[in-house]
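The values are calculated or read from the model by the stated rules, or taken from the named source; none is laboratory data. All values derive from a computational prediction rather than experimental measurement. Here the Cβ positions follow ideal geometry from the backbone for every residue, glycine too, while neighbour counts run over all protein chains shown. Side chains are part of the model used for accessible areas, which takes the heavy atoms of the whole protein and leaves out ligands, DNA and RNA. Shrake-Rupley method; radii C 1.70, N 1.55, O 1.52, S 1.80 Å.
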Amino acid sequence: GVKKTQILNCTMGTLKKNISDHWTELTYLLLMALAFFAIISWMTFRQYAVFHLRAPDVVLFSQAMWNTLNGKVLISSLTGKSILMHHFTPIFILVAPILWIWEDPRALFLVQTAGITLSGLILWLVAKSATPRWAIPLTAVYFLNASVHDVAINELRRAPFSTPFVTLSLYGLYN
């Protein structure tokens, strides 16, 4: 009687603590990801609004994606050629439908920022399986990394569109 009750209480206490710890970790993770997405999005929108983008390819990419939606797959009317000649990025075909929702180059920055944020979440999964104790600190290092900020803020680049796939590959290697 007494021993079974003590074991049950101990087990229930451990279970409650584990659930509480799990929700606390998920809360930190989601707050980091949302803060990163919101701040980076705001910064890129602000740079766009004050003509301070250092992103010469934005016009080329957004126009080619708009042309894709209108039957000319990744063709730039600036050059009359496919952007795949100089910027091999077939993923832009998958990103182009976003411009149906919002015909604005800033939509591409949102997709880029979402991809970088998603990569951070996937890296958390990798870290959680490899070193559970360090998953949140390692994810924080990713979201606070100046190089990640530089890629996300200063230009519309092709590499960030592939980062979720690369990190998913990494996750697949660890699991």
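Quick rundown of the values:
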| item | result |
| --- | --- |
| Every pair of residues 6+ apart whose Cβ atoms lie under 6 Å, when the first sits in the stretch 139-168 and is free of Cβ contacts under 8 Å to residues at least 40 places away in the same chain while the second is of a type in the set (A, V, I, L, M, F, W, C) | Y142/L123 |
| Options Q112, Q63; residue that is open to solvent by less than 50 Å² (accessible area, probe 1.4 Å), assigned to a helix (DSSP H, G or I) and under 30 Å from N175 (Cβ atoms) | Q112 |
| Set P105, P132: member being modelled with pLDDT under 95 and open to solvent by 40 Å² or more (accessible area, probe 1.4 Å) | P132 |
| Condition check for Y28: within 22 Å of the chain's Cα centre (by Cα), surrounded by 14 or more Cβ atoms within 10 Å (Cβ to Cβ), at pLDDT 85 or above and closer than 24 Å to L94 by Cα | no |
| Number of positions in the stretch 140-175 that are farther than 29 Å from L74 by Cβ, modelled with pLDDT under 85 and among the polar types (S, T, N, Q) | 1 |
| Subset of the stretch 80-97 [outside any loop (DSSP other than H, G, I, E, B) and open to solvent by 60 Å² or more (accessible area, probe 1.4 Å)] | M85, I93, L94 |
| Among the candidates T89, T113, residue that is more than 16 Å from the chain's Cα centre (by Cα), under 22 Å from T167 (Cβ atoms) and not basic (K, R) | T89 |
| Qualifying residue in the stretch 146-160 (condition: within 16 Å of D57 (Cβ to Cβ), open to solvent by less than 20 Å² (accessible area, probe 1.4 Å) and touching an Asp or Glu at 6+ places or on another chain (Cβ under 7 Å)) | yes |
| Top-ranked residue of the stretch 115-129 - restricted to ones that are surrounded by 18 or more Cβ atoms within 10 Å (Cβ to Cβ) and of a type outside the set (A, V, I, L, M, F, W, C), ranked as modelled with the lowest pLDDT | K128 |
| Odd one out for Q47 among (1) open to solvent by less than 50 Å² (accessible area, probe 1.4 Å); (2) part of a loop (DSSP other than H, G, I, E, B); (3) of a type outside the set (D, E, K, R) | (2) |
| Selection status of L34, without any contact (Cβ under 8 Å) to a residue 24 or more places away in the chain and either over 18 Å from the mean Cα position of the chain (by Cα) or assigned to a helix (DSSP H, G or I) (or both) | yes |
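Rundown of residues vs (1) more than 16 Å from D104 (Cβ to Cβ); (2) touching a His at 6+ places or on another chain (Cβ under 8 Å); (3) open to solvent by less than 30 Å² (accessible area, probe 1.4 Å), yes/no style:
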{"position": "W42", "(1), (2), (3)": "no, no, no"}
{"position": "H52", "(1), (2), (3)": "yes, no, no"}
{"position": "N67", "(1), (2), (3)": "no, no, yes"}
{"position": "G71", "(1), (2), (3)": "yes, no, no"}
{"position": "S76", "(1), (2), (3)": "yes, no, yes"}
